[in-house]
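Scroll down for the structure; my scribbles are underneath it.
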Amino acid sequence: MIRNQSIYIGPTYKGLIQHQVFYNGIPESVYRLLQEVGPVQRLLIPVHLLPTIRKRMKMAGTQEYNAYQTMQAGKPQINDEGVKHVMNSSYFDTPVPNKQYNSQGQLINPADSYDSDGAQKVRIKAAAETVTLQNAATAAGNGTPFAPEDGNYTLTFEITGTSTSRTVLFELAGPSGQYMPVTTFSVTDPTKFGPQTTGGNNTAPESWQVEVPAGYSFRCRISAVTGGNVTVKGKAVT
């Protein structure tokens, strides 16, 4: 039995109506069609795969495209594959957070695009990107900003150094390029947040976190430092 919801997206055929949805199973007549007609197997699919299969149906050469053209031409083929791939239970497993199913019922990282043959292309990113905002700075300065381009990032950074006194300002700039104060949150003390800090050294480092949208730029500007240097480094993750 096909579990949960499935939908037929091929042309109407022998009582099987295009866009017909089935809940928690299918009629015996439809089950027989699955066993007898190969293209029906490609076009009776789990509802949660609908966006993926629709894209594949538009790509010449894919199995879903060929199945639809065969059904539309009124030339359904006798099945020689069996119904295993349509009734594969992995299609209907409870989704895993941050994962999705591809057209083969495999659980993968979210796909970013499709190859020419209709296969899903998955972009693999490093778990975290190392970011250096200030590197042993001994004088006031803007440092090196962090500017993500391909997505929103959460930046967690630590302030260390040998300085006896320092003031670090947290600033964010949008498309205009104008930096403005931005509220940043302490990682270790949930009651501590704000647009600047006067703490952080090798003995007692401070850790902070901020959200940086794609197309924006974040920096830790040192407005004052005495008695040594200041380093601000962290990790950014999508």
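The values are calculated or read from the model by the stated rules, or taken from the named source; none is laboratory data. Bear in mind that the values here come from a model prediction, so they are computed numbers and not experimental data. Glycine also receives a Cβ, built like all others from the backbone with ideal geometry; neighbour counts cover every protein chain displayed. Side chains included, ligands, DNA and RNA excluded: accessible areas come from the protein's heavy atoms. Shrake-Rupley method; radii C 1.70, N 1.55, O 1.52, S 1.80 Å.
Ranked by the mean number of other Cβ atoms within 10 Å of their residues, highest first, the peptides 131-140, 154-163, 174-183 fall in the order 154-163, 131-140, 174-183. Ordered by solvent-accessible area of protein heavy atoms (1.4 Å probe), largest first, the residues Lys235, Lys192, Lys14 come out as Lys14, Lys235, Lys192. Using the 1.4 Å probe convention, the accessible area of region 195-238 works out to 45 Å² per residue with neighbouring protein chains retained.
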